[in-house]
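Laboratory data are not the source of any read-out in this text; all were calculated from the coordinates shown. What you see is a predicted model; the values in this text were computed from it and never measured. Using ideal geometry, Cβ is built from the backbone for each residue, glycine included, and neighbour counts are taken over all protein chains shown.
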């Protein structure tokens with residue numbers, strides 16, 4: 001039985017009601033504050049899809065104030081036209097008491113932008129359980145989705161890049177087991193890139209090589225340092241050289257989780273480096289050969305010059321005349337040898353003079369084949385035109401081709417050398433201008449050259465010989481080209497090879513060349529001779545004194561300039577100066593002529609050198625000289641130059 005007065009019961013009910021209202025008020029204030037400050041979209045729609053309410057964040061995102069869109073259709077106001085049906089379908093599911101979440105669709109802002117929103121839907125129900133509205137909570141995921149898309153595209157780009165790189169790329173775990181690799185590496189291994197996971201180097205390479213790879217991996221894992229090294233690599237059973245970089249890949253805490261390997265083929269680079277080393281060796285040998293040839297030329301110059309002088313003082317019937325002529329001939333063969341050394345060491349523009357090619361070729365070929373199993377068979381044209389050539393360089397061409405022919409016939413055989421006159425029009429041999437040429441053929445019956453190598457034989461360093469340098473035919477090609485000629489080759493395996501050389505013909509006849517050996521000169525005046533070799537000074541002095549000149553000597557450019565200046569001031573100028581191009585430790589001919597021309601612009605000077613392939617010798621007029629005579633030279637050669645400078649005298 002309740003003994004409380006009615007008013008107390010009423011007071012308790014009032015107190016409970018006030019407390020309930022206070023809680024409800026707090027909940028309402030909290031919800032209002034949450035709705036206003038939340039950084040998510042809060043949207044209320046009725047069952048027809050009309051806008052009932054949305055929060056300030058929706059106003060911020062959409063650009064619309066709530067009053068602008070109140071009671072308007074959500075779909076036509078905020079959604080792109082092509083999304084209407086899909087979103088309406090989702091909405092119907094939601095109001096049909098089917099909760100949806102995680103759906104992403106764009107909304108159109110007031111200024112026409114699209115904002116991607118991820119939605120979570122919740123229905124409102126009345127006391128009878130009927131759905132009366134929908135609460136949609138949305139999160140702006142535009143930046144996130146764009147970032148994810150950019151990341152996916154970036155990953156795809158890098159994947160495509162890595163897959164298509166010519167470099168080989170792989171990942172290995174701590175145990176040197178493959179994790180992945182790019183297609184370039186997989187192709188070398190004979191597998192697809194998705195088949196490499198779980199395999200090791202022992203599945204693809206010899207044990208010894210695999211042991212080395214594993215040791216390298218362990219060293220990188222232990223040190224945590226990037227390593228780069230060159231090593232051998234096998235591809236399709238062939239050995240290659242590769243440059244390998246192994247990079248330790250670290251986790252966020254600094255621990256190494258795997259190894260990134262990158263390597264690329266450097267076989268051609270290694271070959272080039274080897275060729276470069278060979279070239280440096282050849283250059284060193286060439287410099288040595290050039291120096292020896294220069295000194296040897298000076299010695300031969302003294303011999304041939306004095307022999308020429310002695311012969312000019314003897315009758316042809318004298319027994320000593322025949323002896324000295326034989327010595328002179330041998331000295332000329334030695335001169336040919338020095339010319340070959342100089343061409344090998346220096347190269348350069350040819351110093352051309354009209355030459356009897358039949359004589360030059362036969363002497364060079366016989367000299368080269370001496371002591372070999374092969375022999376030469378000469379089929380020369382009796383009325384062969386003359387040609388303007390550098391005798392030393394053509395001598396080397398003959399030597400190179402005869403040596404090649406001899407090597408092609410290891411058991412011996414006959415090398416046929418033919419010469420003939422040919423006239424070429426512009427259509428018959430495209431590299432040559434129309435005109436008269438001398439054709440020289442070197443033919444052997446040796447092993448021949450395969451078709452795959454035929455187009456490469458004139459390339460520097462290309463050779464099919466185990467001990468060949470690959471320079472012989474390249475030098476030959478260069479010399480013929482510098483002479484304005486052309487060289488071709490025909491070959492068949494086990495049948496032989498024929499090289500065909502075309503050289504421009506000269507208008508001078510062979511008889512004129514033979515007569516040149518008897519050229520004489522007589523004159524008068526004063527000649528200054530500069531040379532660092534005393535025997536050459538004496539030899540030249542005797543020659544020129546015999547021709548009627550007075551001579552003075554200078555040992556270097558400084559001495560020559562001093563004597564020339566003194567004579568010029570005293571009005572006793574020299575009529576001619578003969579300058580050696582190279583003076584070790586002193587001023588040579590090139591600088592000396594510049595100083596002499598400053599003293600007298602009408603200075604006449606002849607340049608002479610044992611380095612007959614120096615470009616100054618070929619283009620002497622460009623450097624202020626009026627004549628050139630390569631060492632060693634005879635009295636007849638000196639006479640020929642003096643006749644050109646002073647006019648015919650006799």
**Q.** Kirkwood hydrodynamic radius of the range 518-646, Cα pairs, Å
**A.** 14.4
Q: Neighbouring Cβ atoms within 10 Å as the yardstick, rank 232, 353 fewest first.
A: 232, 353
Q) Can you put 626, 258 in order, fewest other beta carbons within 10 Å first? A) 626, 258
Q | Cβ crowding within 10 Å averaged over residues, with 408-415, 585-592, 123-130, 450-457 ranked highest first | A | 585-592, 408-415, 450-457, 123-130
(Q) Quick check on the range 552-623: what does the Kirkwood estimate of hydrodynamic radius come out to from the alpha carbon pairs, in Å? (A) 12.4
Q | Ranking of 376, 181 by count of other Cβ atoms within 10 Å, fewest first | A | 376, 181
